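Inspection log for the structure reproduced underneath, given as structure tokens.
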Amino acid sequence: MKLTRESVQRVATLARLRLTADEETALAGELDRILGYMDKLNDLDTSNVPVFAHSNDVSEILEKLRDDKVVNRPNTDILLANAPERDKTFFRVPKIIE
Amino acid sequence: MSLSALTLQQASEKLRRREISSVELTEAVFQRISAADDKIHAYLTLARESALEQAKQADARRNSATQLSPLLGIPIAVKDNFLTRGVRTTCASKILGDFMPPYDATAIVKLHAAGAVIVGKTNLDEFAMGSSAENSAFHPTRNPWNLGRIPGGSSGGSAAAVAADECLAALGTDTGGSIRQPAACCGIVGLKPTYGRVSRYGIIAFASSMDQVGPMTKDVSDAACLLQVLAGHDPADSTSSIRSVPDYSAALNGDVKGICIGVPKEYFVSGIQPEVEKSVRAAVQELAKNGARIEEISLPHTEYAVAVYYVVATAEASSNLARYDGMRFGHRAEAKDLTETYMITRAEGFGAEVKRRIMLGTYVLSHGYYDAYYLKAQRVRTLIRRDFDNAFTHCDVIVTPTAPTTAFKLAEKTQDPLQMYLSDIYTISTNLAGLPALSLPCGFDNDNLPIGLQMIGKHFDEATLLRAAHAYEQATDWHKKTPTL
């Protein structure tokens, strides 16, 4: 299977990445080679093998979930300090509805 | 000898006896950084002022408190993917801009509670994606043993800082070998604990089912000492284990008698540098000489590990990195509408390798490919885990090379992503299986570059792992060799 530039563009849209024409061409070749390498997984019959879920015992984890209560009350100024744009106590973002 | 050349525990002993103060020790570390870091470029951000303040507080605490941590007053470097309140955190990416974390990672909280001094933030491959530290958006880091070589990655800055005495010990993270491979390249000790042993809260997520925090140190007992402080359950990380934490330093009795060491035959195949194989085989002999029982074992699915990893890790990364959209923090591009803003922000903010992995991860999760790649890989991951479960029914520790070669030259593999991925061939399986593993020095190649020995332990059995590594270290003096800058 050869990865086309069209499929690279389709994936880039899903990933919200604007690629240049040069990047698209380069990625088509690179991803094709890497996916080709991954095809070796098809050598193995895994029809009776379960999908890996967690490396530790999950029951152990379920026992110790903390209570769902606020322990770190949000501080608006601290949380907004890294905002690219803010307006009083809000994040300012581009218009969503035209 | 400069104070910065001391091991963590040597310095801790001198502090305890009041032969030195933490302020003196911290000043010595910053002097060393001034002299060496123009060549090494291990750090992205130095926190001199806050470090000296922490050192002063540590000295004061020594005079007033009774229960003192061995980390009290010890200068430690931190990989720049740990959130540090008030200290810029970049993950070596342009997309985070001058991000100032609103809180500390749990590992950092624990260091502060123990009274450690945070020297600064070290360089890495952007978002911890890489094996050479060359994917940093800022600058590459150089290997202290040879400035033309890479320090390994992704925790390359932390490894180089430890090797060049620009700190006493460091923190790294390891998703596919990012603590162990740079530790091998720089001739230091690097430990990736069992998945769940150390909290991941506040480390910038790459592949959440494999990311793990660990110590990078000058010797094995320092690694035990630092792990002791880091390990334990954290309510803020639901994947951190509630199992009790044993006394790691107490496990270091210098004895490997009766321990069964497995040597997997699949790890000594084509592509391995002959001097690496020779040194690792010699290390196995040394362990045998000290009373360990050696057994050849088989991990039959080893050859599939790299393929599984680069499906699973990129899938998780593409999801984790969706949060970098320029809305609430970091870089935001100017564009005509919201979708364009997202797309251009991410295009400008991410480097080539991060884009490649996001693309790969999005592809393997996309409609029509999810079963063929992602689910298939997660099934093979189960087989890899079973290989280890089988081996550990009769072995206590598995010994392998950490990396197939010693540190390669800068720019040698940057044009060939697949070759770069294959640098992780020996380290990746343990992340897929969630097992603890460490790298420690076991020799030098003909170019005087360090060779790393990897030891893999049973689930949550860091104690036996550290014990075997410590016994080997006691029997050899590789860890005492230091680079001359």
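The values are calculated or read from the model by the stated rules, or taken from the named source; none is laboratory data. Being a predicted model, the structure only gives us computed values, none of them experimental. Cβ coordinates were reconstructed from backbone atoms using ideal geometry, including for glycine residues, and neighbour counts include every protein chain displayed.
Among the residues making up region B:322-370, a single one is more than 8 Å from chain A (Cβ to nearest Cβ) and at positive phi: B:Gly368. Determine, yes or no, whether B:Val117 is in contact with a Pro (Cβ under 8 Å, 6 or more places away or on another chain), closer than 30 Å to B:Thr341 by Cα and at pLDDT 95 or above. Criteria not met by B:Val117. When region B:240-267 is examined, which residues are found to be closer than 30 Å to B:Tyr304 by Cβ, away from every other protein chain (no Cβ under 14 Å) and surrounded by 15 or more Cβ atoms within 10 Å (Cβ to Cβ)? Answer for region B:240-267, where residues must be closer than 30 Å to B:Tyr304 by Cβ, away from every other protein chain (no Cβ under 14 Å) and surrounded by 15 or more Cβ atoms within 10 Å (Cβ to Cβ): B:Ile259, B:Cys260, B:Ile261, B:Gly262, B:Val263, B:Pro264, B:Glu266, B:Tyr267. If I ask for residues that are closer than 10 Å to B:Asp222 by Cβ, of a type in the set (S, T, N, Q) and not in a loop (DSSP other than H, G, I, E, B), which ones from region B:1-15 would you list? If the condition is that a residue be closer than 10 Å to B:Asp222 by Cβ, of a type in the set (S, T, N, Q) and not in a loop (DSSP other than H, G, I, E, B), then B:Gln9, B:Gln10, B:Ser12 are the ones that fit.
Per the listing B:Thr341, B:Thr345, the residue uniquely without any contact (Cβ under 8 Å) to a residue 60 or more places away in the chain and crowded, with 16+ Cβ neighbours inside 10 Å is B:Thr341.
Scanning region A:48-64 for residues that are within 7 Å of chain B (Cβ to nearest Cβ) and either of a type in the set (A, V, I, L, M) or part of a loop (DSSP other than H, G, I, E, B) (or both) gives A:Val49, A:Pro50, A:Val51, A:Phe52, A:Ser55, A:Asn56, A:Ile61, A:Lys64.
Just one of the listed residues (A:Asp32, A:Asp67, A:Asp45) is in a helix (DSSP H, G or I), more than 7 Å from every other protein chain (Cβ to nearest Cβ) and out of contact with any Phe, Trp or Tyr (no Cβ under 9 Å at 6 or more places or on another chain), and it is A:Asp32. Among the residues of region B:413-454, those that are in a loop (DSSP other than H, G, I, E, B), more than 23 Å from B:Glu266 (Cβ to Cβ), away from every other protein chain (no Cβ under 12 Å) and not charged (D, E, K, R) comprise B:Thr414, B:Asn446, B:Asn448, B:Leu449. Have a look at B:Arg61, B:Arg32 and point out the one that is part of a helix (DSSP H, G or I), farther than 18 Å from B:Lys218 by Cβ and in contact (Cβ under 8 Å) with a residue 24 or more places away in the chain. None of the other options fit; the residue is B:Arg61. Restricting A:Thr4, A:Thr13 to those that are on the phi < 0 side of the Ramachandran plot, modelled with pLDDT under 95 and more than 7 Å from chain B (Cβ to nearest Cβ) reduces the list to A:Thr4.
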